[in-house]
Amino acid sequence: MDQSVAIQETLDDGENCLIAVQCLLLLDNGTESRLLGLVEHIKEHALFMFMHRRMAITGSDVTLQKIIPISYDFSVVEVSSPEELAVVGADTRLRVTFLNEEIEFKLPFGSHTRLFLSEVNRAWCDVCEQYPKSPKFDWLTKYQKSAKEPGSLPSIAASTGKIAKRERSHSADTRGHKEDKHTNSSTDKARGEGAHENSQERVKGEGRNELVRLSTHTVSNKAQMLTMPQFGLRDTLIKCELLKNEDAYTYIENFSFFLGTYNVNGQTPKESLRSWLGCTPQPPDLYCIGFQELDLSKEVFFFNDTPKEQEWMKAVSEGLHSDAKYALVKLVRLVGIMLLFYVKKEHAEHISDMEAETVGTGIMGRMGNKGAVAVRFRFHNSDVCVVNAHLAAHVEEYERRNQDYRDICSRMLFRQLDPTLSPLTIMKHSIVLWLGDLNYRISDLEVDHVKDLIMKKDFETLHNHDQLKRQMDEEAVFVDFLEGEIEFQPTYKYDMGSDKWDTSEKCRVPAWCDRILWKGKNITQRHYRSHMTLRTSDHKPVSSLLEIGIKVVNEESYKRTLEDIVRSLDKLENECIPSVCLSKSEFHFKDVKFMQHRAETLTLHNDGQVPCKFEFIKKLDEPAYCKPWLTANPSRGFLAQGDSVDIDLELFVNRSTAPELNSGQQQLEDILILHLERGKDFFISISGSYLSSCFGSSIHTLCQLKEPIQDMPLETIRELSLMATSETNSPDTEKALDIPKELWMMVDHLYRNASKQEDLFQQPGLRSEFEEIRDCLDTGMPDTLPGSNHSVAEALLLFLDALPEPVIPFSFYQQCLECYFTSGQCKMIISMLPQCHKNVFNYVTAFLRELLKNSAHNRLDVNILATVFAALLIRSPTKQDIMEKRKTQEFFQHFLVQETH
Amino acid sequence: MAKQYDVLFRLLLLGDSGVGKTCLLCRFTDNEFHPSHISTIGVDFKMKTLEIDGIKVRIQIWDTAGQERYQTITKQYYRRAQGIFLVYDITSERSFQHIMKWASDVDEYAPDKVQKILVGNKSDEEQKRQVATAQGNKLAKAYGMDFFETSAFTNHNITESFTRLAELVLQANKKDLDVLRVSINDKLNLAALEEEEGVCDSSSDAQKTCWC
């Protein structure tokens, strides 16, 4: 019965009783029944505690005792005492603290209590949401006087600045733990702390829901990222893995690289370059040919355009080894610095990711009169970078040359295919080939001495004075680069068109300006030499033939490796699908009775590698995730890795679900879908056997049953209830009872034993006794009704309340409202009721009139009985308002008073 | 080079309890086989990446409970599928006869464009065979479906049948795919990458300085 209606009647306009629950107030010397209502007024909430008569039905049944404003200092803690350990279905014990007070209640086990608590919880969250605005509770002051305990509202305003910690622990968590002390102390502690804690506290307060929301942001490891729809990461991971496992699908194959460098001093090609480029016995696989001072004119300097580019390219193309066909892959030039890259035709398809860049280090450190051009490319599976540099001139400028080298290294950046990746530097390549006019000279030796050493071919002594060698030994430049033994005379500076050393005024000291270096594994130099026969320039060209081990892909093993990687990523991903294990997937509730709480525990254990959110979800075309007689608590939540949660599956058949179960039209059968977010769904089967009861059976059916309902075959009950709907008032119900024998048993019992019982119908009965009475009525055992008068009285009320069709059938309800004021018409309506309903009505009213004769003892009056029984006998098919309620009461009063005067 | 993109779609395994749906899935994704039968109570899925015509296809394969009492519930999963395996057991005439019921459920609850193939599993158990290959062929033909006899035990025709259904789905969704090709949002990928790898180097190629 919804007792919030009774509370509502005591409230002012604009105040709403959202939900009410009957509970036990725990006192030092026992317990007393109270009614707790959650009352709302413009977003402010308070708990109203009422003393009450029997099951409170109207406002006159309740007396306000205490108001508990829900403010920051309010807290509700679920506690479990040691003697009540782990009893599924036990009452919920609650400690409410506010200001300096603490009250403990016992709330009946079940979903209604849960609902009540969640509403209170929500009200508390509302307060916090509005922080720092404090609730004023002005509307409560008017109740202050009426409340039975004076001073129950001491200084509400003073309390609002404080914040209380809320530790709303679910029974699932606290069950089995002795937590009283812990929650106590933390509550106290929190109360003393400041307002800044608010946000933190709220996370706790909202508990599970808040965590659920947060959980989407806790993704931290790669495996979890994989499951996200951003596929880019997957590709990157595959690339990384491929790189890591490169050895598995590549093998090293040697290719010959012909490297050449030639400072042409602005000249045009005058002679064939074959003696330089075609000097190898076998045609090389690749050519990288660098030129410096291709053009010394101002035009090229300012416009970077020169006809010499084409001329020299043509000369090179014609000078390549004649035994093979070559393709020019790339030409890159910065002013006079040019690099040409050729490959043998058959290798062209294995060149990829080709990029070319230039860096100027000349005038102002930027211009292209000095600097470098470079190409990078992937040959089979190896990344190669080739640099052609022209570094700063003059003997004393070796530091400047070192600086040029460093500038080139840092500023030469190749963009990557994937624009999201940072550009590649020269040094990122596993193979770097560096050639050019590096301009390092021979120092500390007189010209003549140098020439003398050259004459003697004492290149070793000479080399010790080579600036590049010295700088490299000092690791000032070209760190990790290698150069082959120099066994040729310096390539600078000659008189043009001759092999004679510079005879100009400056009379330069000969130097090994033109050099070829390399960096990387699996590289062997086959030759390193100059080419004296070319006389076009004041330099001689230099060449180096390198045999370089290139990683070549074995297509078959590549495919296999890729498949392995993809498979392992899939596996990783599949392992990271949220996963839980269930303690049970089938639940059977045997012999379920009317209004009997039954519960089973389903334990979820997160055995996966990620946290997960779970939720019971709706089935297609069904209004809720489960049938109305079932609830799962909690029905959703968050579960960290390795954690477990207990879900209570509660079964409770009330008056709205009982009729169809009694008649066998419905069974206790359901399948719940437990859904894991981004994961699988579990099906949980619920089944049960329901023991038919007179509670929730129709008057018509019961009148046909001469035996206790549980002695009847289910099929008979089913047929009877079907008949009831088709042919009301049928004449051939020859041996039907006038009224249900169960009703007779209860009324007769009360008539004989309780006519003078004080406060009959006003004191609540005992649940345990109700259960005995129910069983007695349904099985016929024992012969007489057990329990106290109050319990039998309550059973009678419940019986009437549970009738699927009320004593005055729904179809007569409207008529009742229309003629409630005329006694004659009211009786007319009764006379039109189906026979068995009419019998029941007359029987009950006769009984009540008997009771009124003893009003001196039982203290009943017409008003009380009309209020109690009108609500049960004359029910609205829809929601009833107060006006209608009054009319039904007046209607019923006619039958209580008629024969008393 | 075009931006890498992936396609994701869902395939559903349907058929009577015990025909080997879970085993087919396990064999395909993990290359494992567990001979003992544990009824699937619910709906489970696994991911698998395939490459079809150069397109990386990621498929989510849903394994459903075959038991009759769950059938009304499993139907609500049909509408999310782009491809459906109708699986029977060649050693069970009954499971084969039920294919018609499964197929009509699919017609009713799955999207119109859904692709189906018929799979007769347990082809290794020749001596217990109750359904001839010809019968399977005939039924598949009647429904206009491709047909495979497979064995999760011997790994026979497993990859073939999954790949085939994936191909069919890919073909059926070709149009949408081409739209995807143009409109793929790689911003999202980018963000994910940067967060994950910390690769965003401060130097950018926009700073490239070349005066020439």
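In the stretch A:496-525, the residues that are in the same structural domain as A:Asn388 (by TED's automatic domain parsing) and without any contact (Cβ under 8 Å) to a residue 12 or more places away in the chain form Cβ pairs under 9 Å with partners that are among the aromatic types (Phe, Trp, Tyr) and crowded, with 17+ Cβ neighbours inside 10 Å, at six or more places apart or across chains, as follows: A:Lys500/A:Tyr494.
Pick out the one residue from A:Ser352, A:Ser382 that is away from every other protein chain (no Cβ under 11 Å), under 29 Å from A:Gly319 (Cα atoms) and among the hydroxyl-bearing types (Ser, Thr, Tyr).
So the residue among A:Ser352, A:Ser382 that is away from every other protein chain (no Cβ under 11 Å), under 29 Å from A:Gly319 (Cα atoms) and among the hydroxyl-bearing types (Ser, Thr, Tyr) is A:Ser382.
Answer yes if at least one residue in the stretch A:671-690 is under 14 Å from A:Pro804 (Cβ atoms), under 40 Å from the mean Cα position of the chain (by Cα) and surrounded by fewer than 17 Cβ atoms within 10 Å (Cβ to Cβ), and no otherwise. Lay out the reasoning, then the answer.
So in the stretch A:671-690, the residues under 14 Å from A:Pro804 (Cβ atoms) come out as none.
No, every residue in the stretch A:671-690 fails to be under 14 Å from A:Pro804 (Cβ atoms), under 40 Å from the mean Cα position of the chain (by Cα) and surrounded by fewer than 17 Cβ atoms within 10 Å (Cβ to Cβ).
For the stretch A:348-367, give me each residue that is acidic (Asp, Glu) and either crowded, with 18+ Cβ neighbours inside 10 Å or in a strand (DSSP E or B) (or both). So that I can check it myself, show each step before the final result.
First pass over the stretch A:348-367, keeping only residues acidic (Asp, Glu): A:349, A:353, A:355, A:357.
Residues satisfying the conditions are A:Asp353, A:Glu355, A:Glu357.
Annotation note: Cβ proximity below 7 Å between a residue of the stretch B:97-108 that is closer than 10 Å to B:Lys75 by Cα and a residue that is modelled with pLDDT of 95 or more and of a type in the set (Lys, Arg) (sequence gap 6+ or interchain) occurs for B:Val106/B:Lys116.
What's the total number of residues in the stretch A:462-520 that are under 60 Å from the mean Cα position of the chain (by Cα), of a type in the set (A, V, I, L, M, F, W, C) and part of a loop (DSSP other than H, G, I, E, B)? Lay out the reasoning, then the answer.
Taking the stretch A:462-520 first, the residues under 60 Å from the mean Cα position of the chain (by Cα) are A:471-483, A:516-520.
From what is left, the residues that are of a type in the set (A, V, I, L, M, F, W, C) are A:472, A:476-479, A:481-482, A:516-518.
Next, from what is left, pick out any that are part of a loop (DSSP other than H, G, I, E, B): A:476-479, A:481.
The total comes to 5.
Per-residue answers, yes or no, for (1) within 14 Å of chain B (Cβ to nearest Cβ); (2) crowded, with 24+ Cβ neighbours inside 10 Å; (3) not in a loop (DSSP other than H, G, I, E, B):
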| position | (1), (2), (3) |
| --- | --- |
| A:Asn369 | yes, no, no |
| A:Phe377 | no, no, yes |
| A:Ala392 | no, no, no |
| A:Gln403 | no, no, yes |
| A:Cys409 | yes, no, yes |
| A:Gly436 | no, yes, yes |
| A:Ile454 | no, no, yes |
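Checked against (1) more than 19 Å from B:Thr22 (Cβ to Cβ); (2) under 16 Å from the mean Cα position of the chain (by Cα), B:Asn121 passes all but condition (1). Among the residues of the stretch B:84-95, is there at least one that is charged (D, E, K, R), closer than 18 Å to B:Thr40 by Cβ, in contact (Cβ under 8 Å) with a residue 40 or more places away in the chain and part of a strand (DSSP E or B)? Yes, the stretch B:84-95 contains a residue that is charged (D, E, K, R), closer than 18 Å to B:Thr40 by Cβ, in contact (Cβ under 8 Å) with a residue 40 or more places away in the chain and part of a strand (DSSP E or B).
Of the helices (runs of 4 or more DSSP H) lying entirely inside the stretch A:229-324, those carrying at least 3 residues that are at pLDDT below 90 and touching a helix residue (DSSP H, G or I) at 6+ places or on another chain (Cβ under 7 Å) are A:232-244.
Output the residues belonging to the stretch A:19-53 that are within 13 Å of A:Ala123 (Cβ to Cβ) and either in contact with a Ser or Thr (Cβ under 7 Å, 6 or more places away or on another chain) or among the hydroxyl-bearing types (Ser, Thr, Tyr) (or both). Explain how you work it out, then say what you get.
Here is the first cut: in the stretch A:19-53, the ones within 13 Å of A:Ala123 (Cβ to Cβ) are A:19, A:36-48.
Residues satisfying the conditions are A:Ile19, A:Gly37.
Only residues that are among the β-branched types (Val, Ile, Thr) and at pLDDT below 80 were counted across the stretch A:42-75, and they come to 2.
Would you pick out the residues in the stretch B:50-77 that are surrounded by 21 or more Cβ atoms within 10 Å (Cβ to Cβ) and either within 8 Å of chain A (Cβ to nearest Cβ) or within 17 Å of B:Ile99 (Cα to Cα) (or both)?
Keep residues of the stretch B:50-77 that are surrounded by 21 or more Cβ atoms within 10 Å (Cβ to Cβ), which gives B:59, B:61-66, B:70, B:74.
Correct list: B:Asp63, B:Thr64, B:Ala65, B:Gly66, B:Tyr70, B:Thr74.
From the set of residues in the stretch B:31-49 that are in a loop (DSSP other than H, G, I, E, B) and in contact with a strand residue (DSSP E or B) (Cβ under 8 Å, 6 or more places away or on another chain), which is nearest to the other protein chains (Cβ to nearest Cβ)? Show your work before the answer.
Of the residues in the stretch B:31-49, the ones in a loop (DSSP other than H, G, I, E, B) are B:31-41.
Among the residues that remain, those that are also in contact with a strand residue (DSSP E or B) (Cβ under 8 Å, 6 or more places away or on another chain) are: B:40-41.
Numbers: B:Thr40: 9, B:Ile41: 5 Å.
Filtering first and then ranking leaves B:Ile41.
Quick check on my filter: what residues within the stretch A:325-347 are out of contact with any Phe, Trp or Tyr (no Cβ under 9 Å at 6 or more places or on another chain) and either aliphatic (A, V, I, L, M) or assigned to a helix (DSSP H, G or I) (or both)?
Going residue by residue through the stretch A:325-347, those that are out of contact with any Phe, Trp or Tyr (no Cβ under 9 Å at 6 or more places or on another chain) are A:325, A:334, A:346.
Within the stretch A:325-347, A:Leu334, A:Glu346 qualify.
In the stretch A:29-63, of all residues being farther than 18 Å from A:Phe116 by Cβ and either among the aliphatic types (A, V, I, L, M) or outside the structural domain of A:Arg114 (by TED's automatic domain parsing) (or both), the one that is surrounded by the most Cβ atoms within 10 Å (Cβ to Cβ) corresponds to A:Ile57.
Of the residues making up the stretch A:624-656, those that are of a type in the set (S, T, N, Q) and either modelled with pLDDT under 90 or surrounded by fewer than 20 Cβ atoms within 10 Å (Cβ to Cβ) (or both) are A:Asn633, A:Ser635, A:Gln641, A:Ser644, A:Asn654, A:Ser656. The strands (runs of 3 or more DSSP E) found wholly in the stretch A:575-657 and carrying at least 2 residues that are over 25 Å from the mean Cα position of the chain (by Cα) and either aliphatic (A, V, I, L, M) or assigned by TED's automatic domain parsing to the domain that holds A:Leu668 (or both) occupy A:586-592, A:598-605, A:644-651. Given the structure, is A:Phe614 in contact with a His (Cβ under 8 Å, 6 or more places away or on another chain) and within 14 Å of chain B (Cβ to nearest Cβ)? It is true that A:Phe614 is in contact with a His (Cβ under 8 Å, 6 or more places away or on another chain) and within 14 Å of chain B (Cβ to nearest Cβ). Could you grab me the full set of residues in the stretch A:565-602 that are surrounded by fewer than 18 Cβ atoms within 10 Å (Cβ to Cβ), within 11 Å of chain B (Cβ to nearest Cβ) and modelled with pLDDT of 90 or more? Across the stretch A:565-602, the qualifying residues are A:Leu582, A:Lys584, A:Ser585, A:Glu586. Scanning the stretch A:130-157 for residues that are assigned to a helix (DSSP H, G or I), among the charged types (D, E, K, R) and modelled with pLDDT of 75 or more yields a count of 2.
Can you confirm whether A:Val332 is of a type in the set (A, V, I, L, M), within 14 Å of chain B (Cβ to nearest Cβ) and out of contact with any Cys (no Cβ under 7 Å at 6 or more places or on another chain)?
Criteria met by A:Val332.
Conditions tested, residue by residue: (1) among the acidic types (Asp, Glu); (2) on the phi > 0 side of the Ramachandran plot; (3) touching a residue at least 60 places away in the same chain (Cβ under 8 Å).
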| residue | (1), (2), (3) |
| --- | --- |
| A:Ala624 | no, no, no |
| A:Leu630 | no, no, no |
| A:Ser635 | no, no, no |
| A:Gly642 | no, yes, no |
| A:Asp648 | yes, no, yes |
| A:Glu669 | yes, no, no |
| A:Ile673 | no, no, no |
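For the stretch A:1-33, the candidate set comprises residues that are acidic (Asp, Glu) and free of Cβ contacts under 8 Å to residues at least 40 places away in the same chain; within that set, the residue that is farthest from A:Glu102 (Cα to Cα) is A:Asp13.
To keep it simple, each residue is scored yes or no on (1) more than 14 Å from chain A (Cβ to nearest Cβ); (2) modelled with pLDDT of 95 or more; (3) loosely packed, with under 13 Cβ neighbours inside 10 Å; (4) over 28 Å from A:Thr420 (Cβ atoms).
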| position | (1), (2), (3), (4) |
| --- | --- |
| B:Gln97 | yes, yes, no, yes |
| B:Val131 | yes, yes, no, yes |
| B:Leu188 | no, no, no, no |
| B:Thr209 | no, no, yes, no |
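The values are calculated or read from the model by the stated rules, or taken from the named source; none is laboratory data. Treat the numbers as computed from the prediction; the structure is a model and nothing was measured. Using ideal geometry, Cβ is built from the backbone for each residue, glycine included, and neighbour counts are taken over all protein chains shown.
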